[in-house]
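Data first, discussion second: the structure below is written as structure tokens.
Only the coordinates and a few stated rules stand behind these numbers; no lab work does. Everything numeric in this text was worked out from a predicted model, so none of it was measured. Because the Cβ atoms are built from the backbone with ideal geometry, glycine has one as well, and the counts that use them run over all protein chains shown.
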Amino acid sequence: MNQNLNHYKVFYTVAKHKNISKAADALFISQPAISKTLSKLEENLGCILFNRTSRGVTLTTEGQILYERLREAFQVIDSGEEEIRHINELGIGQIRIGVSTTLCKYILLPYLQDFIKEYPNIKITIECQSTLHTIEMLENGLIDIGLVGAPKNKQNIVFHDIMQIQDTFVATQAYLDNLTLQGQEEQDLFLTANLMLLDEENITRQYINDYFYQNQIKTNQILEVSTMDLLIEFAKIGLGVACVIREFVETELAQRTLVELTMPEPIERRSVGFAYSKSHAPSKATIQFLNYILS
């Protein structure tokens with residue numbers, strides 16, 4: 001667009017009222033200012049837009065073409081402004097949430113169930129991927145908020161802790177019995193067992209890798225699995241020892257379907273919470289969601 005938008009607004013208002021005086025009243029500017037703006041616009045476009053008479057103004061052929069196009073454009077703008085007002089008045093909005101499959105199932109869904117009942121007009125979009133990808137999408141403005149494990153670097157992230165989780169290793173008692181580990185140090189189990197872990201891109205896997213390194217625990221046979229649910233199911237059928245989150249297998253532990261291994265050193269608990277980027281101001285709907293969760 002080569003012209004100042006205000007010039008088009010002045011032209012459109014004059015054409016709509018067919019009178020410079022009435023247009024001046026509608027725009028709260030003087031008639032000389034309107035006349036000067038119209039002259040400037042005609043000069044820039046290289047054509048006459050109005051036929052001026054003592055009774056007002058009428059559009060030339062070129063002026064009529066411009067008016068029709070501007071009428072469509074300003075109607076679209078008015079429609080957009082009205083839609084925004086409607087959203088603000090009724091609490092309508094959209095929230096794009098990034099979350100891993102595991103955290104979505106065990107943590108996010110219970111929150112969403114109650115939130116949607118409270119705010120039925122807010123549209124929720126879920127993007128399921130690893131925590132690392134969720135943080136990347138937050139930084140690029142592709143999602144509004146993410147449910148993630150506490151990132152190491154929070155420089156560009158606002159993080160709200162909602163719960164603590166405990167990583168642990170589990171297996172069936174039958175599987176452990178079959179390893180015949182009598183008389184061995186417990187950490188030797190990780191050299192003997194089929195060890196099932198999440199893939200390398202997962203923040204939980206990186207946390208466990210750091211734990212192994214710090215405690216000089218050596219591993220041998222590793223089976224990488226894409227989701228926590230599969231780790232739990234594979235452990236339950238006796239496929240190996242799985243690294244899972246204790247809060248997600250409480251039923252299995254209580255029923256002795258799975259048993260928990262005693263680690264040589266305790267694994268520190270981690271925080272899980274909602275995060276958003278400092279570079280992208282949260283929307284009204286996102287703020288409503290955060291306030292609801294944190295309250």
> If we count other beta carbons within 10 Å of each Cβ, what is the order of 48, 97, 157, fewest first?
Replying inline: 48, 157, 97
> Out of region 110-200, which trypsin sites (Lys or Arg not before Pro) are coil in DSSP terms and have no more than 14 other C-beta atoms within 10 Å?
Replying inline: 152, 154
> Which residue, 75, 94, 206, has the most motion in a Gaussian network model of the chain that connects Cα atoms within less than 10 Å?
Replying inline: 75
>> Among DSSP bridges having both ends in the chain, what percentage is antiparallel? Round to the nearest 5.
In response: 55
> Quick one, which of [x] 0.95; [y] 1.00; [z] 1.31 is the actual Rg/Rh (Cα atoms, Kirkwood Rh) calculated for this model?
Replying inline: [z]
> Exposure proxy check: 213, 8, 292 ranked by fewest other beta carbons within 10 Å?
Replying inline: 213, 292, 8
>> Run the numbers for residue 160 and residue 64: contour at 0.36 nm per residue of separation, minus the present Cα-Cα distance, in nm.
In response: 28.9 nm
> When the chain is treated as a GNM, springs tying every alpha-carbon pair under 10 Å, which of 11, 248, 159 comes out with the largest mean-square fluctuation?
Replying inline: 11
>> Along the Cα→Cβ direction, 7 angstrom out, place labels at residue 247 and residue 31. What is the inter-label distance in nm?
In response: 7.2
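So what's the back-of-envelope 222 nm ellipticity for the chain, counting only DSSP H runs of four-plus at -39500 (n - 2.57) apiece and dividing by all residues, rounded to 500?
Here the helix-only value at 222 nm equals -13500 deg cm²/dmol.
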>> Please check: in the Gaussian network model of the chain (C-alpha springs, under 10 Å), which one of 21, 277, 130 has the largest mean-square fluctuation.
In response: 21
>> Nearest 10 degrees is fine. How inclined is helix 31-45 to the longest principal axis of the chain, computing both from alpha carbons?
In response: 70
> Among 8, 77, 38, whose Cα sits farthest toward the positive end of the charge dipole of region 5-89 (+1 at Cβ of Lys/Arg, -1 at Cβ of Asp/Glu, about the Cα centre)?
Replying inline: 38
> By counting other Cβ atoms within 10 Å of each Cβ, how are 133, 160 ranked from fewest to most?
Replying inline: 160, 133
